[in-house]
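Have a look at the structure below before the remarks.
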Amino acid sequence: MPDVTSFIARSIREKICWSRAGFVLSLLIVAAAGVVLFYMLRGIDAGRVLDVIGSKPAHVVMLAAVCIGVAYVTLTFYEYFSLRTIGCTQVPYRVAALASFTSYSIGHNLGATVFTAGAMRWRIYSAWKLSLSDIAKMAFITGLTFWLGNVFVLGIGMVVAPDAAGAVNRLPSLANQAIGLLGLAAIAAYVLWLIPRPRRAGAGAWSVRLPTAPLTLVQIGIGVLDLVAAGFGMYLLLPEAPEVDFLTVLVIYVTATLLGFLSHAPGSLGVFEAAMLIALPQFVREELLASLLIFRCLYFVLPLILAVGVMMAREVLLSAR
């Protein structure tokens, strides 16, 4: 018994320690983003920003919205894949799509995604007899899909276009290429580890069977499609001049997204914009800021409004039964 007690106490201490480290990291990222925005937005011509927003061609905004819509569709694949992985085959795709859209849209905008997105999932999936452990397992699998896709895209991008990542992290090209190769090697090692036999993560009721090597490649494909679609939406909204190639923008976009994710700021607000402004100094600040504001409306604000409306309508319909 003393050994068990000491093990539990040690586990709790380690968890608290990691939580504190994560909080400090989040605080540092948000503080750095605040300083960057303060200096970069000084003297900004707000009137010009509004003019640029108003003059952005409607067809460009619509195409960007379509790309972002595709990205949100891929998020439903995250959800459906995780359901099938944990063995919840009774849940149809339409329910998974509803849970995906509402949980991601509301969770990402409010922050504390584990709780907010988890609450949305629980509200929807409880009618399908999913337990809290099932929701936790889903969160793990969707998170795994997210990280596999991000590491894969960023790994390739940092190897092929290291200067793009360097525009954000300020590391030399060789360092970024080494990081990219390390990330790709980690994915390759993980896939090879999955080949011999089925693998599991967690313990007891929280144990989840990991996807097989072929299904992990599907996971990576889902994550890549999500990032490429959203990144291309951002690329379309950028000012026409000077020209920047898509791979550069994609690497910068993924890096900025990850910084926003690590900051835990609601909707990555300020962190994402700061990273993009730092990495793309060749654009006129007012024009780039206008592009970022349009992207935020399309990717964060509009889905949030739709998700809240959908959940309110669902609750009204359920209460009327």
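Taken together, the values in this text are just the output of simple stated rules run on the coordinates, not laboratory data. Given the structure is predicted, the values throughout are model-derived calculations rather than measurements. All Cβ positions, glycine included, derive from the backbone under ideal geometry; neighbour counts span all protein chains shown.
What the table shows:
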item: Calculated Rg and Dmax of the chain using C-alpha coordinates, Å; result: 20.9, 70
item: Theoretical ellipticity at 222 nm over the chain - DSSP helices of four or more residues, -39500 (n - 2.57) apiece, nearest 500; result: -26500 deg cm²/dmol
item: About the Cα centre, charge dipole magnitude for the stretch 2-320 (Lys/Arg +1, Asp/Glu -1 at Cβ), debye; result: 1240
item: Listed peptides 73-83, 309-319 by packing density, highest first (mean Cβ within 10 Å); result: 73-83, 309-319
